[in-house]
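Data block below; observations after.
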Amino acid sequence: MSHRIQAVIVDDERLAREGVRLRLERQPDVDIVAEASSADQAAEVLRGRRPDVVFLDIEMPGANGFAAIPRLEEAGDALPLIICVTAHDRYAIEAFRRQVFDYLLKPFDDARFDEVMARIRGQLDLVRVHAALGDRVAPPHAYRERVIVRSGSRATVVRSVGSDWIAAEGDYARIHAHGRTHLVRLSLSALGRQLDPSRFVRVHRAAVVNIDRIRELEPYARGDYVLVLQDGTRLRVSRRYRAALAATLGGGL
């Protein structure tokens, strides 16, 4: 059975939206479910929708296209494939940090667009296979092991697998690793979905922990626990996430 691909186009320029729309209309398995001309409008049209792919312009009046991504992350566990469509290559590093699936540099031709569509189909097929097998949305080899952290003009690569725990900090995540911290321009929910669930587990709405760094668990009030890490850091485990922690550790709490 063939699967229809649901697509959304976000671009402030009418001609640019039309260019993407015409190319998508030539695809036999694509349905365009919405269009938007700004990041704010994109957040509105995407509310309650879960498209497969979003063609997202970056430079738009007001908030840039990246501002729409946290709204997508909040909408559910499966983040749509994001295709950056922009005339500027300077956003490539930011796009990489945001786990953008592909980067269409304007002006692009039909061959480049078809190449992107082929990658989209391949990825969606892979996701469906793993979903059918009962796996998580991301296949094992897709879990993120490194994170790019930018500070001024410098970009540092941090090994996420070597982190102790990760905290929510507004729309960002702060990685705690070996006594140092690194602020990542991704929400905790978005980053957490990209980490290996056999190694990282959410213990609170604001904390994800590397289970290899857990030293002990202490009973706390009202069924909660306090988790103690190897470096002495103490984090509360809320009842909402206790079962997931127990399953990851292979025992009951």
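The values are calculated or read from the model by the stated rules, or taken from the named source; none is laboratory data. Predicted, not measured: the structure shown is a model, and the values here were computed from it. Because the Cβ atoms are built from the backbone with ideal geometry, glycine has one as well, and the counts that use them run over all protein chains shown.
Would you point out the residue of the range 1-15, among those that are over 19 Å from Ala118 (Cβ atoms) and surrounded by fewer than 19 Cβ atoms within 10 Å (Cβ to Cβ), that is nearest to the chain's Cα centre (by Cα)?
Checked the range 1-15; the qualifying residue nearest to the chain's Cα centre (by Cα) is Asp12.
Sort out for me the strands (runs of 3 or more DSSP E) sitting completely within the range 161-253 that have 1 or more residues that are in contact (Cβ under 8 Å) with a residue 40 or more places away in the chain. Please lay out each step first, then the result.
Values: elements: 165-169, 172-177, 180-184, 200-204, 207-210, 214-219, 225-229, 234-237.
Here the list reads 165-169, 172-177, 180-184, 200-204, 207-210, 225-229, 234-237.
Taking the residues in the range 198-253 that are under 22 Å from Ile175 (Cβ atoms) and among the aromatic types (Phe, Trp, Tyr) as candidates, determine which candidate is modelled with the highest pLDDT.
Among those that are under 22 Å from Ile175 (Cβ atoms) and among the aromatic types (Phe, Trp, Tyr), it is Phe200.
What number of residues within the range 148-176 satisfy the criterion of being surrounded by 14 or more Cβ atoms within 10 Å (Cβ to Cβ) and either at pLDDT below 75 or of a type in the set (Phe, Trp, Tyr) (or both)?
Start the filter on the range 148-176 by keeping residues that are surrounded by 14 or more Cβ atoms within 10 Å (Cβ to Cβ), which leaves 148-150, 158, 160-169, 171-176.
Remaining after also requiring either at pLDDT below 75 or of a type in the set (Phe, Trp, Tyr) (or both): 148-150, 158, 160-161, 165, 172.
Summing the residues that are surrounded by 14 or more Cβ atoms within 10 Å (Cβ to Cβ) and either at pLDDT below 75 or of a type in the set (Phe, Trp, Tyr) (or both) in the range 148-176 gives 8.
Quickly run through the range 177-210 and pick out the residues that are basic (Lys, Arg) and surrounded by fewer than 19 Cβ atoms within 10 Å (Cβ to Cβ).
Applying the first criterion (basic (Lys, Arg)) to the range 177-210 yields 180, 185, 193, 199, 202, 205.
If the condition is that a residue be basic (Lys, Arg) and surrounded by fewer than 19 Cβ atoms within 10 Å (Cβ to Cβ), then Arg180, Arg185, Arg199, Arg205 are the ones that fit.
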